[in-house]
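> Once you've had a glance at the structure underneath, I'll fire off some questions.
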Amino acid sequence: MIKEKRWKPEFERELFDKWIKSKNFKFNPETKKDIFTVDTPPPTANAKWHVGGAGAYSFLDMIARIQRMRGFEVLLPWCSDRNGLPMEVSVEKHHKIKMHETPRKEFIELTAQWAEKIGGEVTNIAKKMGVVAEYDGDFYYETDKPYYRKITQSTFIELWNKGLIYEDTKPNNYCISCGTTIADAEIEYEDKSTDLVYLNFETEEGKKLEIATTRPELLGACAAILYNPEDERYKNLEGKKAKIPLYNDEVPILSHPSAKQEFGTGLMMLCSYGDYNDIRTIMELNLPEKILIDKEGNMSEKSGKYNGLTVLDARKKIIEDLKSSEFFVKSEKINHRTPVCWRCKTNVEFVAMPEYYLKQVKFKESLKKIVDKIKFHPKEYKQNLLDWINSVSRDWVISRRRYYGTEIPVWYCEGCKKPWLPKPGEYYQPWKDSPPEYAICECGSKEFYGDERTFDTWMDSSITELFITGYKRFPELFERSFPCSLRNQGKDIIRSWLYYSLLKTYQLLEAPAFEHVFINGHGVDEDGKKMSKSVGNIIEPMPVLEKYGADAFRFWCASETSVGNDFRYSEERMDASQKFLTKLWNLSRFISMFEMEGEDFELQESDKWILAELNRTIKKCDEGYKNFNFFIPANEIKNFSWNFFADHYLELVKSRAYNRDNFFSIKEKNAAIKTLRMVLKKTLKLLAPICPFITEKIWLEMFSKDSIHIELFPQEENTENSLLNLSKDLIELNSGIWKTKKEKGMGLNSEIKNVEIPDELKIFEKDLKKMHNIIE
RNA sequence: GGGCGAUUAGCUCAGCUGGUUAGAGCGUCACAUUGACAUUGUGGAGGUCACAGGUUCGAGUCCCGUAUCGCCCACCA
């Protein structure tokens, strides 16, 4: 019998400790069961979760638990992403230093220390939420550790050996603030207001040509003037030359479809490099490039008097200069979709640096076929990924000019400069170490110098599913567990984490990386706005968890919104979750008061009715869980246990269970108690993945010494489903009698006469009479 | 410009392959209730299911537009 009058979140801690100590939830690679692997998204060490972010991780735990109940050996790894830009940026901020001005070794040490210091917060939240994952052992990993980085490097070496890597110096996205080239997937677009400046260029004959540009500071880098081939206004200019304002250089006037007639004056200034289109067109037309912006993002000597200014300052200055010149016509404010670095939101420039590239353009079609083999939840996001794949138009730049990342494992011959790669399987740091002893260049030389660059963080992140399934670590396990069963992630990193994982896995293994991809929405605040630091509307999970407990929080996550939608935080709905737990607790407490007298029982029609309702609920929950849709089971269970089981069945058989006046036989009484307990037992199992604590607590009090979480999911059974047709009538009859009593000012337990029980409900007559105290 | 999704009670959302008077939670109003329920129960009010057409015996549910919002993609300098 349950003694505690109320479910208290404080019970959770003890239960969690027990789970962690138990062997039941630790992944056993030697298992005979089928393996289900979950690719936990590695939280960045400096991550701050809001309730939405935390909620996403509680889903992982729900998935792990339901799959265990389905008989799988489940691997839910735990991990921390500590590589690359996010960490470095946070160290630069904290220590108020610049990475490129700090000795590499010192910077690396600071970053490693920083990662240790701040790493634990999200893990504490996960534990508080009841997430039982691999917090230690072979399936706990940190992406900056040698055991992880060496796998990243191995994949690089293998891809190199397949001929998929090359080095090239071509203009690419360059973040001035981060001091490195970045990939297309690391670019975001922001609408920024900017000046569209109209200027007069001049033809050789002195004829004025009005041209609009948003990048006047690049006048000196102008390579040509373009007009659209269809544009009648400018056809006469073909082959002529134009003189650039302020710089006086002459450039050709050419026709090209990338110039749009409708924009500005229809004449376009082509510079190296104002945007990605400029890059493509200049390469296509084989025009000379003039680079006016240096690596620090300042104007170079070639820009003349603007040398040393930042891009934005140079723009201001040159607009002033133009305004006081004869060339200026007018300027207007326009909204310009500006590419910015997704980490630091700095405007991206286009600079040519020698970088390593991984081929991806030629894999687009194969990848689309691979995507077809993966099940998406919800399926809409598949299109999202396909859109991105379709938009890929150049290879992935994978080298970064940063310090705290996985080193590119390449040395170069001092003599002939040829690159040399070591064998895969070790962790290499070419910037400080000599190559292995067996290193020898094709030319016979043994003198090498190391590459100083690191990888794009996504090179590390895109192998998480390989790492956890045991790639290059546990060959037998890998054989059994690849492809990874499930990737769960946010929609904002479809183009990066998901795409790159699929790309690399396909290149290495020619197989899809995952069976299922589960995309969850963003956390939004009560007004539906995305939670973000800058808006200041972050709701932290810890206080919420302290107040309501993990189960209420998890139930809220599950019941709040359907798969893939954003979920918004609401205090009211958290209260509602908590009320449901209270209801469940009291329901259980009540049922726990009854004991059967002996073993004999004889099920009555009302018992069979609730069993049929239970069966229907099991079926619905099963369908929801199969699709990793927790919204369905959460709401079905709540509806069933509250509106059917507690409100109607329990009321119906209460008297029979007490049987104080021996109105019923022992067998009839026992049947009520038996049914109450059986329905509760299965309901608890249904709810266990979503609310692991309260179900466990009740389970241990009432049904078993062993955890509910090692039970199998309830099976559907043969029940008398024709009884389901009576549910509506039964509920209406009860409501009607309650209503009548209410209207007459009677207590619910007072006697009532002249109640006509409809024929089809006569089978419940005995229970009904007792329930409503109906007398003849 | 293209794609995807959304638009259902005051608020947040369910409504699968079209079928009788459109649902839930919260809120609101009224009443009842002290032995499972720091509450619960019952009842009421509240919706021309974004707008305009079409298919059909019959449409939130299918088709075609339009509008608004959100997200993704795209070479508007």
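The values are calculated or read from the model by the stated rules, or taken from the named source; none is laboratory data. Note that the structure is a prediction, hence the values are computed from the model and not measured. Counting neighbours? That spans all protein chains shown, and the Cβs are built from the backbone with ideal geometry, glycine included. SASA here: full protein model, heavy atoms, side chains in, ligands and nucleic acids out. Shrake-Rupley method; radii C 1.70, N 1.55, O 1.52, S 1.80 Å.
> Name, by its number, the condition in (1) surrounded by 21 or more Cβ atoms within 10 Å (Cβ to Cβ); (2) within 14 Å of RNA strand B (Cβ to nearest atom) that does not hold for A:Tyr625.
Failing condition for A:Tyr625: (2).
> Sort out for me the helices (runs of 4 or more DSSP H) sitting completely within segment A:411-516 that have 3 or more residues that are under 30 Å from A:Cys178 (Cβ atoms), open to solvent by less than 30 Å² (accessible area, probe 1.4 Å) and in contact with a Phe, Trp or Tyr (Cβ under 8 Å, 6 or more places away or on another chain).
On the way: elements: A:457-461, A:464-468, A:475-481, A:499-509.
The qualifying helices (runs of 4 or more DSSP H) are A:457-461, A:464-468, A:499-509.
> Which of (1) outside any helix (DSSP H, G or I); (2) of a type in the set (Val, Ile, Thr); (3) closer than 30 Å to A:Lys128 by Cα does A:Thr719 not meet, given it meets every other one?
The single condition A:Thr719 does not satisfy is (3).
> Within segment A:726-774, which residues are assigned to a loop (DSSP other than H, G, I, E, B), open to solvent by 50 Å² or more (accessible area, probe 1.4 Å) and away from RNA strand B (no atom under 14 Å from the Cβ)?
Listed by number, the residues that qualify are A:Glu751, A:Lys753, A:Asn754, A:Glu756.
> Then there's this: What's the number of the only condition in (1) closer than 23 Å to A:Asn718 by Cα; (2) within 13 Å of RNA strand B (Cβ to nearest atom); (3) surrounded by fewer than 20 Cβ atoms within 10 Å (Cβ to Cβ) that A:Leu603 fails to meet?
(2)
> Sticking with this structure for a sec: Could you say which residue among A:Trp411, A:Trp396 is without any contact (Cβ under 8 Å) to a residue 60 or more places away in the chain and among the aromatic types (Phe, Trp, Tyr)? Give the steps one after another, and end with the answer.
Working: A:Trp396 fails: without any contact (Cβ under 8 Å) to a residue 60 or more places away in the chain.
Within the list A:Trp411, A:Trp396, the selection yields A:Trp411.
> What residue, of A:Ile673, A:Ile610, A:Ile637, A:Ile666, is within 26 Å of A:Ala64 (Cβ to Cβ), more than 12 Å from RNA strand B (Cβ to nearest atom) and in contact (Cβ under 8 Å) with a residue 12 or more places away in the chain?
Numbers: A:Ile673 fails: within 26 Å of A:Ala64 (Cβ to Cβ); A:Ile610 fails: within 26 Å of A:Ala64 (Cβ to Cβ); A:Ile666 fails: within 26 Å of A:Ala64 (Cβ to Cβ).
It is A:Ile637.
> For segment A:571-590, give me each residue that is of a type in the set (Ser, Thr, Tyr) and near RNA strand B (Cβ under 7 Å from one of its atoms). Steps first, answer last, please.
Let us first name the residues in segment A:571-590 that are of a type in the set (Ser, Thr, Tyr), namely A:577, A:582, A:588.
Across segment A:571-590, the qualifying residue is only A:Thr582.
> Is it true that A:Ser735 is over 22 Å from A:Gln604 (Cβ atoms) and out of contact with any Ser or Thr (no Cβ under 6 Å at 6 or more places or on another chain)? I'd like the intermediate steps shown before the answer.
Numbers: over 22 Å from A:Gln604 (Cβ atoms): no; out of contact with any Ser or Thr (no Cβ under 6 Å at 6 or more places or on another chain): yes.
No; evaluated as a whole, the condition is false for this residue.
> Can you name the number of the only condition in (1) touching a strand residue (DSSP E or B) at 6+ places or on another chain (Cβ under 8 Å); (2) in a helix (DSSP H, G or I); (3) within 11 Å of RNA strand B (Cβ to nearest atom) that A:Glu284 fails?
(1)
> Could you list, in sequence order, the residues of segment A:16-55 that are of a type in the set (Phe, Trp, Tyr) and touching a Leu at 6+ places or on another chain (Cβ under 9 Å)?
Within segment A:16-55, the first condition is being of a type in the set (Phe, Trp, Tyr), and the residues that meet it are A:16, A:19, A:25, A:27, A:36, A:49.
Scanning segment A:16-55 gives A:Phe25, A:Phe27, A:Phe36.
> Kindly provide the set of residues from segment A:291-317 that are among the basic types (Lys, Arg) and within 15 Å of RNA strand B (Cβ to nearest atom), ordered by number.
Within segment A:291-317, the first condition is being among the basic types (Lys, Arg), and the residues that meet it are A:295, A:302, A:305, A:315-317.
A:Arg315, the sole residue that qualifies.
> Here is a further query. Restricting to segment A:652-670, count the residues that are within 48 Å of the chain's Cα centre (by Cα) and surrounded by 21 or more Cβ atoms within 10 Å (Cβ to Cβ). Walk me through how you get there before you give the answer.
Residues of segment A:652-670 that are within 48 Å of the chain's Cα centre (by Cα), as a first pass: A:652-654.
Now drop any that are not surrounded by 21 or more Cβ atoms within 10 Å (Cβ to Cβ), which leaves A:652-653.
Selection size over segment A:652-670: 2.
> For residues in segment A:668-685 being in contact with a Ser or Thr (Cβ under 7 Å, 6 or more places away or on another chain) and either part of a loop (DSSP other than H, G, I, E, B) or among the hydrophobic types (A, V, I, L, M, F, W, C) (or both), which is nearest to A:Glu595 (Cα to Cα)? Explain how you work it out, then say what you get.
Within segment A:668-685, the first condition is being in contact with a Ser or Thr (Cβ under 7 Å, 6 or more places away or on another chain), and the residues that meet it are A:680, A:683-684.
Applying the additional criterion that residues be either part of a loop (DSSP other than H, G, I, E, B) or among the hydrophobic types (A, V, I, L, M, F, W, C) (or both) yields A:680, A:684.
Working: A:Leu680: 14, A:Leu684: 19 Å.
If we take residues in segment A:668-685 being in contact with a Ser or Thr (Cβ under 7 Å, 6 or more places away or on another chain) and either part of a loop (DSSP other than H, G, I, E, B) or among the hydrophobic types (A, V, I, L, M, F, W, C) (or both), then A:Leu680 is nearest to A:Glu595 (Cα to Cα).
> I'm checking my understanding of the structure. Among residues of segment A:233-261 that are of a type in the set (A, V, I, L, M), under 20 Å from A:Pro288 (Cα atoms) and within 15 Å of RNA strand B (Cβ to nearest atom), which one is modelled with the lowest pLDDT? Working first, answer last.
Initial filter on segment A:233-261 (of a type in the set (A, V, I, L, M)): A:237, A:242, A:244, A:246, A:251, A:253-254, A:259.
Going one step further and asking which of them are under 20 Å from A:Pro288 (Cα atoms), we end up with A:242, A:244, A:246, A:251, A:253-254, A:259.
Within this subset, residues satisfying the condition of being within 15 Å of RNA strand B (Cβ to nearest atom) are A:242, A:244, A:251, A:253-254, A:259.
Working: A:Ala242: 91, A:Ile244: 91, A:Val251: 92, A:Ile253: 92, A:Leu254: 90, A:Ala259: 85.
Checking each candidate, the answer is A:Ala259.
> Read through the list (1) more than 16 Å from RNA strand B (Cβ to nearest atom); (2) in contact with a His (Cβ under 9 Å, 6 or more places away or on another chain); (3) farther than 27 Å from A:Leu421 by Cα, then give the number of the only condition that A:Gly179 fails.
Answer for A:Gly179: the failing condition is (3).
> Still on this structure, I have one more. Would you confirm, using the coordinates I've provided, whether A:Ala646 is closer than 27 Å to A:Glu717 by Cα and either near RNA strand B (Cβ under 9 Å from one of its atoms) or of a type in the set (Ser, Thr, Tyr) (or both)? Let's see the steps before the verdict.
On the way: closer than 27 Å to A:Glu717 by Cα: yes; either near RNA strand B (Cβ under 9 Å from one of its atoms) or of a type in the set (Ser, Thr, Tyr) (or both): yes.
Taking the combined requirement at face value, the residue satisfies it.
> Among residues belonging to segment A:182-199 that are closer than 23 Å to A:Gly220 by Cα and open to solvent by less than 10 Å² (accessible area, probe 1.4 Å), point out the one that is nearest to RNA strand B (Cβ to nearest atom).
That would be A:Leu196.
> With A:Glu158, A:Glu230, A:Glu167, A:Glu202 as the choices, which residue is open to solvent by 10 Å² or more (accessible area, probe 1.4 Å), over 21 Å from A:Glu289 (Cβ atoms), touching a residue at least 24 places away in the same chain (Cβ under 8 Å) and part of a strand (DSSP E or B)? Step through it out loud before you land on a result.
Numbers: A:Glu158 fails: part of a strand (DSSP E or B); A:Glu230 fails: part of a strand (DSSP E or B); A:Glu167 fails: over 21 Å from A:Glu289 (Cβ atoms).
The match here is A:Glu202.
> Identify all residues within segment A:504-535 that are of a type in the set (Phe, Trp, Tyr) and at pLDDT 95 or above; write none if there are none. Break it down stepwise before answering.
Of all residues in segment A:504-535, those of a type in the set (Phe, Trp, Tyr) come to A:506, A:514, A:518.
Those that are of a type in the set (Phe, Trp, Tyr) and at pLDDT 95 or above: A:Tyr506, A:Phe514.
> Considering every residue within segment A:209-227, establish whether at least one is in a strand (DSSP E or B), in contact with a Gly (Cβ under 8 Å, 6 or more places away or on another chain), within 15 Å of RNA strand B (Cβ to nearest atom) and among the aromatic types (Phe, Trp, Tyr).
yes
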